[in-house]
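The values are calculated or read from the model by the stated rules, or taken from the named source; none is laboratory data. From a predicted model like this one, the values you see are computed outputs, not experimental measurements. All Cβ positions, glycine included, derive from the backbone under ideal geometry; neighbour counts span all protein chains shown. Side chains included, ligands, DNA and RNA excluded: accessible areas come from the protein's heavy atoms. Shrake-Rupley method; radii C 1.70, N 1.55, O 1.52, S 1.80 Å.
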Amino acid sequence: ADAAAHLKQKALEFDADIAGICEIEPSDVYQGRTVEHSHAIAVGQRMRWREFQVVPSRESAIECLRVYFTLGETVIQLAAYIRSLGHECTVEHPIGDSDLLHIPIGLKAGFGELGRHGSIIHPRLGPLFRMGSVITSMPLATDRPIDAGIAAFCDTCRACRLFCPPGAIPD
């Protein structure tokens with residue numbers, strides 16, 4: 001538990017806005033890929049709200065790339081720190097050839113609940129954040145999925161379904 005708390009604090013020091021830990025299950029791994037580690041330290045960074053008021057747009061694309069870059073730096077720094085402690089780890093970069101499915105990892109790490117749009121909605125950050133992770137076999141206490149009432153709200157709100165320009169969110 002102390003190691004988990006320490007690594008989550010380090011992730012925040014390396015500019016993550018949220019951090020959580022979960023065990024990796026076979027269903028969290030892309031088909032045809034293998035993962036040799038047992039735990040994922042998931043991290044997330046918020047995106048700027050204003051840039052997402054018009055999507056698609058140049059501003060929203062630049063914001064996505066900005067967050068992916070800075071989040072990539074965060075997971076690289078966290079992995080370097082874990083290695084400095086003498087533990088092996090692998091970076092699951094937010095852009096690149098990841099072996100893990102970030103959304104199931106984020107849900108199990110307590111980042112929020114799955115919205116109708118297929119992404120995680122965090123109680124504080126909403127859906128405007130991106131995720132990456134570092135995987136390791138370090139023995140760590142894990143977080144749990146949360147129930148903040150978001151999924152229940154999504155089931156009754158219907159705004160995303162009504163206002164989705166291409167009608168991609170079914171009833």
Averaging sequence separations of C-alpha pairs under 8 Å and six or more residues apart, then dividing by the length of the chain, give the relative contact order as a whole percent. 29 percent
Between the modelled labels at THR34 and GLU73 (7 Å from Cα along Cα→Cβ) the distance in nm is 3.6 nm
At what distance in nm do the modelled label points of PHE163 and ALA61 sit from each other, each positioned 7 Å from its Cα along Cα→Cβ? 2.4 nm
Might you work out the accessible area of PHE129 for me, using a 1.4 Å probe with all protein chains in place, and round it to the nearest 10 Å²? 10 Å²
Of the listed peptides 21-30, 112-121, what is their order by residue-averaged count of other C-beta atoms within 10 Å, with the highest listed first? 112-121, 21-30
Short version: what are the Cα gyration tensor semi-axes of the range 109-162, square root of 5 times each eigenvalue, largest first, in whole Å? 26, 12, 8
Specify the angular offset, from 0 to 90 degrees and rounded to the nearest 10, of the alpha carbon long axis of helix 2-13 from the longest principal axis of the alpha carbons in the chain. 60 degrees
Hey, can you find the accessible area per residue of the range 26-171 for me, probe 1.4 Å, expressed in square angstrom? 57 Å²
Å³ per residue of the Cα convex hull, for the chain? 123 Å³
Computing the accessible area with a 1.4 Å probe over protein heavy atoms, can you report the carbon and sulfur percentage for the chain? 55 percent
